[in-house]
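Working notes, structure below.
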Amino acid sequence: MPASEPVLLRDRHIKYWLRCARTFLPEAYTSTDSNRMTLAFFIVSALDLLDLLASKIDANERDSWRNWIFSCQLDSGGFRGFTGTKIGHDVRTLQNQHWDPANVPATFFALVTLIILGDDLSRVRRRECLTWLPKVQRQDGSFGEILGENESIEGGSDLRFCCCAAGVRHILRGPQEKDVQDFDVDRLVRYITACQTYDGGFSEGPGHESHSGLTYCAIDALALLGRSPEKGLDTPDARRSSGTLSLDDCTRWVLSRQTTYLEEDEPEDDEQASSIPQPEAVALPSSPLGSPHATHFPVTPLSPPKTPSPVRMQIVAAPILNCAKQNLLWAGFNGRTNKIADTCYCFWNTAALAMLDRLYLIDKPRMRRYLLEKTQHIVGGFGKGVHEPPDIMHAYFGLAALATIGEDELPTFDPLFCISQKARENLKRVSWWAE
């Protein structure tokens, strides 16, 4: 008998996201306060995906959100991640400005959130931001997170920051901007392509392990820079920078992330382990040279294999076959080789394939069933994995993954900006993007 179709618990997701927007977050979020701009993006975009911005959030509340975002903007360009570092205009100097720096990811999330809210970006210090952005680019083409003391580039150098920098550039330069200094696009493209590994995925830096989130960031950055992923991955310059650049290898690696491995195996306790019979140690002949070959090793004598009876085979094999058949109902995505499935990687992998126009290659029904039956939570939202409570990031990416594969109750999704297609259309209201 075929399994019934799972459903999106829309009413419960609505309650979950309205609680996130209007009440204090749980204590566990205290350590993320400096990333409040990122949390704001997740919450506002989720409300948009559920069509709540106009129906449940009035104009005054939306205006207050926009005003808070602009309170995080710096006069010198860019946005801070939260207002906790704000030292005020009166005391800010060249000597202490690194205490309250603009942040590359926060700037990207601030701009995208404003776009979702329908802002025309007229209050954004556009030229200042575009002048600040090249200063955060390193010599190898990668981007840091902030400018520290004496304008030293600080923070990581992985592809997350490269993707956010490419997004800020794309939004603020628009299709026509030529008057403001640009960062070195070719150098960034070379860095991105150098991060592709032998197996086809992309890593945090050259020579590291492939990772689904960073693979998404690589493909997204190339698209935002106007270098189609296919060309960006297969140019002569790219091939010279790394010997294994291939769009097909990337696609193959991303597709191999879909998995029925959903939960970690239960570890054996000490009592179980001690009850397993151990082979006796056998004394090997001593070596005439007195080498370690005289040590006692556990050796199991070889014996001819015995054919088990049909009854015994049925008893042993049936539960395994039933388990395998049951597991085939669900197939999530993992982020690295040999890892369990995770809600957020369902988005990173499917969005990467969507940008490569190869989303049709995945098993959508089983991924949908994994999200709706295994990680969708009874109170709304999605957890990281099976039986885990919801959190803001995974709750958002659960919705985003479903929207990417065309969930009926969600709007058309734009994987490039990680927002609804309807929200992206708001970019046309911005003067430098107007047709």
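The values are calculated or read from the model by the stated rules, or taken from the named source; none is laboratory data. Every value quoted in this text rests on a predicted model; they were computed, and no experiment measured them. Positions of Cβ are generated from backbone atoms using ideal geometry, with glycine treated the same way; all protein chains shown enter the neighbour counts. These area figures cover heavy atoms from the full protein model, side chains too; ligands, DNA and RNA do not enter into them. Shrake-Rupley method; radii C 1.70, N 1.55, O 1.52, S 1.80 Å.
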Next on the checklist: Can you confirm whether residue 140 is acidic (Asp, Glu) and under 23 Å from residue 62 (Cβ atoms)?
Outcome noted: no
Checklist entry - Out of all the residues in region 80-94, is one or more buried (at least 23 other Cβ atoms within 10 Å of the Cβ), of a type in the set (Val, Ile, Thr) and touching a Ser or Thr at 6+ places or on another chain (Cβ under 8 Å)? => result no
Item to check | Residue that is nearest to residue 15 (Cα to Cα), among those in region 370-387 that are open to solvent by less than 60 Å² (accessible area, probe 1.4 Å) and in a loop (DSSP other than H, G, I, E, B) | outcome: 380
Checklist entry - Listed residues 157, 212, 152; which is open to solvent by 20 Å² or more (accessible area, probe 1.4 Å) and either among the β-branched types (Val, Ile, Thr) or under 30 Å from residue 116 (Cβ atoms) (or both)? => result 157
Item to check | Cβ pairs under 6 Å, 6+ apart, first in region 115-134 and under 24 Å from residue 414 (Cα atoms), second modelled with pLDDT of 95 or more and open to solvent by 50 Å² or more (accessible area, probe 1.4 Å) | outcome: 117/62
Next on the checklist: Among the residues of region 95-109, are any open to solvent by 30 Å² or more (accessible area, probe 1.4 Å), within 20 Å of the chain's Cα centre (by Cα) and either of a type in the set (A, V, I, L, M, F, W, C) or closer than 25 Å to residue 156 by Cβ (or both)?
Outcome noted: yes
Next on the checklist: Just to be sure before I move on: is residue 43 in contact (Cβ under 8 Å) with a residue 60 or more places away in the chain and of a type in the set (Val, Ile, Thr) in the structure I sent?
Outcome noted: yes
Checklist outcome for this item: Checked 412, 404 against criteria (without any contact (Cβ under 8 Å) to a residue 40 or more places away in the chain and either under 28 Å from residue 35 (Cα atoms) or in contact with a Lys or Arg (Cβ under 7 Å, 6 or more places away or on another chain) (or both)); the one match is 412
Checklist entry - Looking at (1) in contact with a His (Cβ under 6 Å, 6 or more places away or on another chain); (2) over 27 Å from residue 108 (Cβ atoms); (3) of a type outside the set (A, V, I, L, M, F, W, C), which is the one condition that is false for residue 368? => result (1)
Item to check | Which numbered condition residue 390 fails, given (1) open to solvent by less than 20 Å² (accessible area, probe 1.4 Å); (2) farther than 12 Å from residue 346 by Cβ | outcome: (1)
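Quick grid of which residues meet (1) part of a loop (DSSP other than H, G, I, E, B); (2) more than 20 Å from residue 376 (Cβ to Cβ); (3) open to solvent by less than 50 Å² (accessible area, probe 1.4 Å):
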residue	(1), (2), (3)
4	yes, no, no
11	no, no, no
14	no, no, yes
29	no, yes, yes
48	no, no, yes
53	yes, yes, yes
60	no, yes, no
68	no, yes, no
Checklist entry - In region 127-149, which residues are assigned to a helix (DSSP H, G or I) and either surrounded by fewer than 19 Cβ atoms within 10 Å (Cβ to Cβ) or at pLDDT below 95 (or both)? => result 127, 128, 131, 134, 135, 149
Item to check | Residue check, residue 397 closer than 14 Å to residue 8 by Cβ and either touching an Asp or Glu at 6+ places or on another chain (Cβ under 8 Å) or crowded, with 22+ Cβ neighbours inside 10 Å (or both) | outcome: no
Next on the checklist: Looking at 210, 241, 246 in this structure, which one is modelled with pLDDT of 95 or more and not acidic (Asp, Glu)?
Outcome noted: 210
Checklist outcome for this item: Per the filter on region 160-186, residues part of a loop (DSSP other than H, G, I, E, B) and either crowded, with 23+ Cβ neighbours inside 10 Å or acidic (Asp, Glu) (or both) are 177, 179, 182, 184
Checklist entry - Pick from region 388-415 the residues that are among the aromatic types (Phe, Trp, Tyr) and in a helix (DSSP H, G or I): which of them is farthest from residue 260 (Cα to Cα)? => result 396
Checklist entry - in contact with a His (Cβ under 9 Å, 6 or more places away or on another chain) and in contact (Cβ under 8 Å) with a residue 24 or more places away in the chain, is that true of residue 16? => result yes
